[in-house]
Structures are given as C-alpha cells and as structure tokens.
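Beneath this line is the structure, given in structure tokens, with notes to follow.
The values are calculated or read from the model by the stated rules, or taken from the named source; none is laboratory data. Computed from a predicted structure; not experimentally measured. For neighbour counting, all protein chains shown are included, and Cβ atoms are generated from backbone atoms with ideal geometry for every residue, glycine included.
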Amino acid sequence: MIAIINYKTGNLESVQNMLKRIGAAASITSDIDAIDAAEKLILPGVGAFDAGMDNLRDLGLLEVMRKKILIEKTPILGICLGMQLLTKKSEEGAEEGLGFINAETKKFDFSAAKESFKIPHMGWNTIAVKKNSKLFKGLENNSRFYFVHSYHVVCEDPEDVVATTNYGYDFASSVERENVLGVQFHPEKSHRFGMELLTNFVYNY
C-alpha cells in the first residue's frame, strides 16, 4: 500500500486517482499507523512552506516520517510543496524543513535576467534529465510537465539533481538521494508523462 500523506494541503485526490489508473493501491491518510505500515510514501502539496511544516508537526507525523525515511529507507516522493519540504529550509518562511535532501528552497530571482518572467512559474514546461534515474525511465528529454510554483530547490550536491527545467534560468525540477525523491511539477496533472513517472515510482522502487 502507498500512503498519500494528508497534511491539509490539497491535490490529494488527484494523486490518488492517477495512481488508480496505473493499478496502484493508495490511501489518503494522516494516520500514524497507516503511514508506518506503508511500502511507499507520497508527500504532495500546494501552499506555504511554514504552513506545511506546521501541519505535519501538529498531526504528529514528523517522527514516523523520519523513522520511515531515515531508518527503514522507505521510498518517498515529494510533489511541488512536498518536494520543497524535503529540504532544510525555505526563503518563504522561518520553519526548518524535513532535511531529507541537503538543499534549500529559494524564490525565483530574475534580477539578472534580460527579460521579465512572471511569478509564479505556471503552466507546461519541459525537463532535461541530468543523470540516470529509475524515476525517468522511458521519459525522454523534453517531456512536458505541469508547474505551479514561486520557489525552487537548490541542492548543495549537484549529484542530487536528476532533472532541470529552464524558466529564466535552469532550476532543479527533480531531485533524488537514495530513497528520497522529489519533483517540482505536478505529475498528477501532467497526463501521460505524469502517469509514466508515477508508474516508475510505484513499480521501480
């Protein structure tokens, strides 16, 4: 069973529906025992960094998540805000992140750009795969995914960056370190490309 962690951030049903389409059993839950028993975890999310961390803490989920990820090495996929929460901190707020990826979340900065770019980055954009990853098996460069975000992840170790996307400049649109994976885009809104990516997560990890 895959646990889609419910910490009051939306988009949960869309993720569950996409998983159903690929034949994967998944439950939307904030129950500690259900999360503890899960074979894989998905941390979706939209909204503010601090609110996301506060909700995880208020629901008592931090301890079980650390146990699952750091000790049991359970695969986790962070989506959009969920990916940002995997980092150590964010320019958006003051709360510490989960710290599962050695990275920080930073706001788009187009001060050096020759043209103006709107924030948030919203709509379809392509990815460039930077290293071999089971997450992107069968997905070619220039596969298109749907983005909605004002902040992006900056990794301290370039080896943690699986794919990049250009919006004014290149930013990490997917990260991976051991069992911790993240995508800045929304695979549940990305049609066949998102379906292929979630299939890879479900069946290849």
Inset, instruction - Count, please, the residues in the stretch 46-68 that happen to be closer than 15 Å to Ile35 by Cα, part of a helix (DSSP H, G or I) and among the aliphatic types (A, V, I, L, M). - result: 4
Inset, instruction - Tell me which residues, restricted to the stretch 116-170, are closer than 18 Å to Lys189 by Cβ and among the small types (Gly, Ala, Ser). - result: Gly123, Ser143, Ser150, Ala163
Legend entry - Number of positions in the stretch 71-123 that are farther than 24 Å from Ile4 by Cβ and in a strand (DSSP E or B): 6
Inset, instruction - Test each condition in (1) surrounded by 15 or more Cβ atoms within 10 Å (Cβ to Cβ); (2) of a type in the set (S, T, N, Q); (3) modelled with pLDDT under 95; (4) under 23 Å from Tyr169 (Cβ atoms) for Asn11 and report the one that comes out false. - result: (4)
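Condition check ((1) without any contact (Cβ under 8 Å) to a residue 40 or more places away in the chain; (2) assigned to a helix (DSSP H, G or I); (3) not acidic (Asp, Glu)) across all residues:
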{"residue": "Ala3", "(1), (2), (3)": "yes, no, yes"}
{"residue": "Thr9", "(1), (2), (3)": "no, no, yes"}
{"residue": "Val15", "(1), (2), (3)": "no, yes, yes"}
{"residue": "Leu19", "(1), (2), (3)": "no, yes, yes"}
{"residue": "Ile28", "(1), (2), (3)": "yes, no, yes"}
{"residue": "Asp33", "(1), (2), (3)": "yes, yes, no"}
Legend entry - Residue ID - farthest from Gly47 (Cα to Cα), chosen from residues in the stretch 82-123 that are surrounded by fewer than 17 Cβ atoms within 10 Å (Cβ to Cβ) and in contact (Cβ under 8 Å) with a residue 60 or more places away in the chain: Asn102
